[in-house]
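Following: one structure in structure tokens, then a few remarks.
The values are calculated or read from the model by the stated rules, or taken from the named source; none is laboratory data. Just so we're clear, the structure is a prediction, and the values are computed from it rather than from any experiment. Please note: Cβ atoms are built from the backbone with ideal geometry, for glycine as well, and neighbour counts cover all protein chains shown.
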Amino acid sequence: MIAELGHYALILSFCLALLLSVVPLLGAWWQDEVWMRFSRPLALTQVVLVFASFVALTTCFLIDDFSVQYVAGHSNSLLPWYYKMSAVWGGHEGSLLLWALILAGWTAAVARFSRQLPLPMISRVLGVLGIVNIGFLSFILLTSNPFNRYLPNFPPDGVDLNPLLQDFGLIVHPPMLYMGYVGFSVAFAFAIAALLSGRLDATWARWSRPWTTVAWAFLTLGISLGSWWAYYELGWGGWWFWDPVENASLMPWLAGTALMHSLAVTEKRGVFKSWTVLLAIFTFSLSLLGTFLVRSGILTSVHAFASDPERGRYVLMLLLITIGGSLLIYALRAPVVMSRIGFSERSREIFLLLNNIILMVATLTVLGGTLFPLGAEYFGYEVSVGAPYFNLMFAFLVPLLVLIMGVGIYSQWKDTKPGVLVRKIPLLAVVSLPVSLLVPWLYGEMAFLAVVGVFIATWLTMATARDVIQKSSSKKGYIRGWLKTSRSFKGMVLGHLGLAVTIMGATIVSHYNVEKDVRMEPGTIVTVAGYQLELVKFDKYRGPNFLSERAEVRVRNSAGREVSTLFPEKRRYTVSGSVMTEAGIDPGLFRDVYVSMGELVADDAWAMRVQYKPLVRWLWLGSIFMGWGGLLAVADSRYRVRLRQRLGNDTRKLEAEVGITGKAAPFARGEAG
Amino acid sequence: MNLNISRLLLAGMIVLACQSAHALEPYEFPDEQTRLRFQELTYELRCPKCQNQNIADSNAPIAKDLRQEVHRLLEEGKRDDEIVYYLVERYGDFIRYRPPFSLNTALLWLTPIVLVVVGVGVALWLGRRRKVTSNGADDLSPEEEERLARILRAQDRTFE
Amino acid sequence: MKRFLLFLPLIVAAGIFFLFSQMLEHDPNELQLARKDKPVPAFALPALRDASRILTEQNLRGEPMLVNVWATWCPSCHVEHPYLNKLAKQYGVKVVGLNYKDEREEALKWLARLGDPYVFNIFDEDGRLGLDLGVYGAPETYLVDAGGIIRYRHVGVVDDKVWHEILLPRMQEAGWQGAES
């Protein structure tokens, strides 16, 4: 019964999505205010219905209704309740439903929080979001219905959730990631709406900016959660594998980063409009492309996803309509007349454009590397593109990007006096160079790429720090001055520092990671990077739905003091019979000690992998900074116009002014076309 | 019905067979450098049977065989490129995560570099070109900018 | 001209879509045969039934044949075995077995129980020959022509469909004169 209600709610929400995509768009076309006014209520009702459907599926999981095929395939009565809940998005159908729910949620959020937007604009934006959700809801209903039943007889117990996914990381990683992916649909909808209206002005950029930044922040956190999860759960100690599924999340992130910066230029200076619109389309298209790559099974991936050419064909059709359609609108409607707003080759505009170009090249490199094997196969030969290729390319692109960032931070809009750059840049180099030589020397090996990595991380940190000091100087002291800077400035600082921290972590852990595969039995002592690991004993225990072989490993530091005791495990999940490694990790700000169990090699002796991972935590620490910075920037007061308005701050005075000159305003900075 | 369930089970098991747990054998090496070479090689070689995994992390029997083979060839004193060639002869270019540079892969290797050069070139050209036209009267003075921004802000509110 | 540039992203996307539509059905897990059109690598391995009889690549010459890689631990091999019997007995195809990483006892029991379609079996206990051929999962079936050149490899179960649609045409191309079906 509950499943049927959920199914019914889903069908209704599909109908609403149909209405949402037709009524407001036609209203905007015909300039019919009544039709346009339908957009907000439709958007809000839609989210309620999708949510109801989602709650219904969750309930089916919680009450162990194994007559529902999807529940039977991804849950088990032995599973603890929180995994039953997260199992809702543990498979294909449920994660699509989560996707649709988040999309409906973003749509409703736009309807709710964009009251200052002109009605035709909001109608078009919500209409476009409605079209996207038609695609996803129909995809669920036609090919991947989570509410299908096994009738008349169904299994008494479920198959179980993939043990890899029985973990805290899985509870939070997909929702975060989808918040990011789907969040870019808002920027996309704004871009399409602006193209349809033919008014691509600076206001458009300002409206979509906060939405883009929030989505970006979520995606940043989502990706880093995924990386952290892979690190401790897959049991190899790797944190990024350049697998197609990971690349699928990295591409929108890179494009979204470019978009965020490009929107800033378009908002502040009214230039690069066509480019920014293209980036908005591109970013969301890459999110969709990611879904396709993951769901169609067209590429091999280490991550397990149900794949099916039938579904692949459907997603491909969706891609064709959404991406093809939006790029066609772009080609026909984007302005070609170059704006007459000038800037020099040392201007902030140019530095941000360079940043955009390198981010775009990075995006295309990931795209190319991911799709190249497919293209090669089409032409009859075989190529694998993996970590060595991507690492090399990023070792070339990232330093370039960061060097430009460091200089760009000091540039000014329109033109930067050469003196400013000449005064500041050499100092950056003078500080960064010794640090970049010292740090690798301390780690014991002067690898070229390690020097480069430390150099750019320091370079970026120094540039940001100096900028902070400069912007914080005030009569009342630096601290007061810093507190007085805008939240968007603080967010930017945090984001850039976060990148520096992540780069530092990635550089050091890639070059100075120590890894040993050893045979261990009770009493064995292994030394790794100064740490002594003693195997105390092996034992067995029984978990709620698994049996475990467990090792006890005592860790001592070089001084012989005991640091911690680790319990790496090898679990056999009783229902599915699959075996999982649980690593034993002693985390630290400056290093992790990582132990995982391999195989039984003799009676009471196991092959074990022992690793020392310096600065590995910095990877995720940096991304938390980045995500936090993004959220902080959105909390900036200038986005809270509504609040100020309610307070009635000198509105009347401004209204009088608009009365006189308001009509001319939109055209003063607009472009033809 | 039962068929469906068993198919589900089977699918789950096939997927897990490769990634459930990394396998490893405690190999002995004559010196530290050989051990590092072994690590590097096994990280850059792709397991032919598994879903996108290198042979160092894969648990598949074939990956185990290949690790053993790499170890044997290292002990025979073969160079890295000889070892890679030995395996490519048997399993094709598929096995190399680092694709060799050739006519077929030139596009893959060169595109990023070409794009960076072209992109940076275009950006600088744009900066120069725009500068020439920027001295016109169409630029707003700081006061005008300020006033315009205020008007735009206020105008947004009136749409409420 | 500028308008044309704006169409560029659309054109690139169209190219990618075309590629996707063409490749949707392909199996990304299937490997190409590295030794295609190359001779069978040199080997010297005992026969399964008679450990003292040493077989070499010279034994894989003379007429087009199928070399079937199998093992008792491989469930799919069990599935295809009856069809191999049929191929050998009814159609008169020369099928050579490559018993891959298996135990002699078990393998002999299997043949006694399920029938023996093989002209002879190469006993590849540690998988050396398998590795040299590029075997990555049993069952695999190699097509070797009269000159001892590897022409084709099928990965997975051989059944009626595979024989008629894939292997038979290639056998005939290699000069096989046997019965049609």
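In table form, for the structure just shown:
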| read-out | value |
| --- | --- |
| Single residue of segment A:570-619 satisfying the filter (among the acidic types (D, E) and within 22 Å of B:P61 (Cα to Cα)) that is farthest from the other protein chains (Cβ to nearest Cβ) | A:D603 |
| Output for segment A:542-554, where each listed residue is surrounded by fewer than 20 Cβ atoms within 10 Å (Cβ to Cβ) and part of a strand (DSSP E or B) | A:R542, A:L547, A:S548, A:E549, A:R550, A:E552, A:R554 |
| Matching residues in segment A:163-181 - criterion: being in contact with a Gly (Cβ under 6 Å, 6 or more places away or on another chain) and within 14 Å of chain B (Cβ to nearest Cβ) | A:L165 |
| Set A:F66, A:F61, A:F38, A:F14: member being out of contact with any Asp or Glu (no Cβ under 9 Å at 6 or more places or on another chain) and either within 20 Å of A:F139 (Cβ to Cβ) or touching a residue at least 40 places away in the same chain (Cβ under 8 Å) (or both) | A:F14 |
| Output for segment B:38-53, where each listed residue is touching a strand residue (DSSP E or B) at 6+ places or on another chain (Cβ under 8 Å) and either farther than 14 Å from A:S301 by Cβ or outside the structural domain of B:V84 (by TED's automatic domain parsing) (or both) | B:Q39, B:T42, B:Y43, B:E44, B:L45 |
| Check on A:H496, within 14 Å of another protein chain (Cβ to nearest Cβ), modelled with pLDDT of 90 or more and under 31 Å from the mean Cα position of the chain (by Cα) | no |
| Residue list for segment B:31-65, restricted to those being under 22 Å from A:V514 (Cβ atoms), in a helix (DSSP H, G or I) and either modelled with pLDDT under 90 or not β-branched (V, I, T) (or both) | B:E32, B:Q33, B:R35, B:L36, B:R37, B:F38, B:Q39, B:E40, B:L41, B:Y43, B:E44 |
| Subset of segment A:384-404 (residues that are out of contact with any Leu (no Cβ under 8 Å at 6 or more places or on another chain) and facing chain B (nearest Cβ under 9 Å)) | A:S384, A:G386, A:A387, A:P388, A:L392, A:M393, A:F396, A:L397, A:L400 |
| Exclusive hit being hydrophobic (A, V, I, L, M, F, W, C) and in the same structural domain as A:A583 (by TED's automatic domain parsing), set A:M504, A:M520 | A:M520 |
| Residues that are touching a Phe, Trp or Tyr at 6+ places or on another chain (Cβ under 9 Å) and away from chain C (no Cβ under 12 Å), drawn from segment B:54-66 | B:N54, B:A56, B:D57 |
| Failed item in (1) over 22 Å from the mean Cα position of the chain (by Cα); (2) modelled with pLDDT of 90 or more, with B:A23 passing the rest | (2) |
| Pairs, first surrounded by 14 or more Cβ atoms within 10 Å (Cβ to Cβ) in segment A:432-450, second of a type in the set (A, V, I, L, M) and part of a helix (DSSP H, G or I), C-beta under 6 Å, six or more apart | A:S436/A:V451; A:S436/A:V454; A:V439/A:V454; A:P440/A:A450; A:P440/A:V451; A:L449/A:A395 |
| Matching residues, segment B:90-106, being assigned to a helix (DSSP H, G or I) and either facing chain A (nearest Cβ under 8 Å) or surrounded by 15 or more Cβ atoms within 10 Å (Cβ to Cβ) (or both) | B:R90, B:Y91, B:D93, B:F94, B:I95 |
| Residue in segment A:362-383 that is farther than 21 Å from A:W459 by Cα, of a type in the set (S, T, Y), touching a residue at least 60 places away in the same chain (Cβ under 8 Å) and more than 10 Å from chain B (Cβ to nearest Cβ) present | yes |
| Test set (1) over 23 Å from C:L33 (Cβ atoms); (2) away from every other protein chain (no Cβ under 14 Å) - C:I149 fails condition number | (1) |
| Test: residue in segment A:410-421 that is within 12 Å of chain B (Cβ to nearest Cβ), over 22 Å from A:R466 (Cβ atoms) and among the aromatic types (F, W, Y) | no |
| The lone exception for A:I585 - which of (1) surrounded by fewer than 15 Cβ atoms within 10 Å (Cβ to Cβ); (2) under 27 Å from A:V514 (Cα atoms) it fails | (1) |
| Filter pass, C:K2 being modelled with pLDDT under 95, surrounded by fewer than 19 Cβ atoms within 10 Å (Cβ to Cβ) and within 14 Å of chain B (Cβ to nearest Cβ) | yes |
| Test set (1) more than 9 Å from every other protein chain (Cβ to nearest Cβ); (2) buried (at least 18 other Cβ atoms within 10 Å of the Cβ); (3) part of a helix (DSSP H, G or I) - A:I350 fails condition number | (1) |
| Test result for A:V422, crowded, with 17+ Cβ neighbours inside 10 Å and of a type outside the set (S, T, Y) | no |
| Yes/no for A:I341 being among the β-branched types (V, I, T), assigned to a helix (DSSP H, G or I), over 30 Å from B:L41 (Cα atoms) and facing chain B (nearest Cβ under 8 Å) | no |
| Residue count for segment B:66-82, restricted to those that are surrounded by fewer than 20 Cβ atoms within 10 Å (Cβ to Cβ) and part of a helix (DSSP H, G or I) | 9 |
| Output for segment A:316-347, where each listed residue is crowded, with 18+ Cβ neighbours inside 10 Å, under 20 Å from A:K268 (Cα atoms) and not hydroxyl-bearing (S, T, Y) | A:A334, A:P335, A:I341, A:G342, A:F343, A:E345, A:R346 |
